[in-house]
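Participant: Just passing along the structure, written as structure tokens.
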Amino acid sequence: MKELQESVLQFARDRDWEKFHSPKNLSMALAVEASELMEIFQWLTESQSRELDAATRQKAAEELADVFLYCLLLADKLDIELLNAAKSKMQKNALNYPADEVRGSARKYHEYSKAP
Ligand SMILES: [Mg+2]
């Protein structure tokens with residue numbers, strides 16, 4: 001992951017794009033890419049969204065990659081070690097959503113009786 005992060009940083013450096021990469025701009029770019037991913041699924045039925053054709057699946061992979069690459073750029077800019085942050089957030093999620101209490105429910109953690 002470090003290698004990929006360095007590669008995307010170098011890509012920006014080579015194009016003199018770092019000057020555009022404030023945390024504000026990167027967070028917006030990340031959201032735009034997430035929207036491009038959502039646009040692929042917009043208007044599809046639940047069933048259609050599960051059975052993409054090869055070309056649409058490839059487009060989804062590219063937009064998902066765009067989101068990921070902006071995550072790497074933003075994490076670098078904020079000096080966040082993304083793998084550690086994700087592991088830490090998973091631990092927090094496990095505390096907020098005890099499997100025995102939340103199984104099969106889509107409610108938010110504060111809606112459960114044991115909410116922190
Ligand atoms: Mg894109």
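Participant: For residue 49, state whether it is touching a Phe, Trp or Tyr at 6+ places or on another chain (Cβ under 9 Å), at pLDDT below 95 and on the phi < 0 side of the Ramachandran plot.
Facilitator: No.
Participant: I've got another one for you. Can you name every residue in segment 42-71 that is of a type in the set (Phe, Trp, Tyr) and more than 16 Å from the chain's Cα centre (by Cα)?
Facilitator: Step one: of segment 42-71, the residues of a type in the set (Phe, Trp, Tyr) are 43, 68, 70.
Residue satisfying the conditions is 43 alone.
Participant: Pairs, please: C-beta under 6 Å, at least 6 apart or cross-chain, first residue over 15 Å from residue 78 (Cα atoms) and in segment 10-37, second among the acidic types (Asp, Glu) and more than 12 Å from the ligand (Cβ to nearest atom)?
Facilitator: From segment 10-37, the pairs are 12/18.
Participant: Output the residue which, of all residues in segment 34-54 that are closer than 25 Å to residue 4 by Cα and small (Gly, Ala, Ser), is surrounded by the fewest Cβ atoms within 10 Å (Cβ to Cβ).
Facilitator: 35
The values are calculated or read from the model by the stated rules, or taken from the named source; none is laboratory data. All values reported here derive from a predicted model rather than from experimental measurement. Cβ: placed from backbone, ideal geometry, glycine included. Neighbour counts: every protein chain shown.
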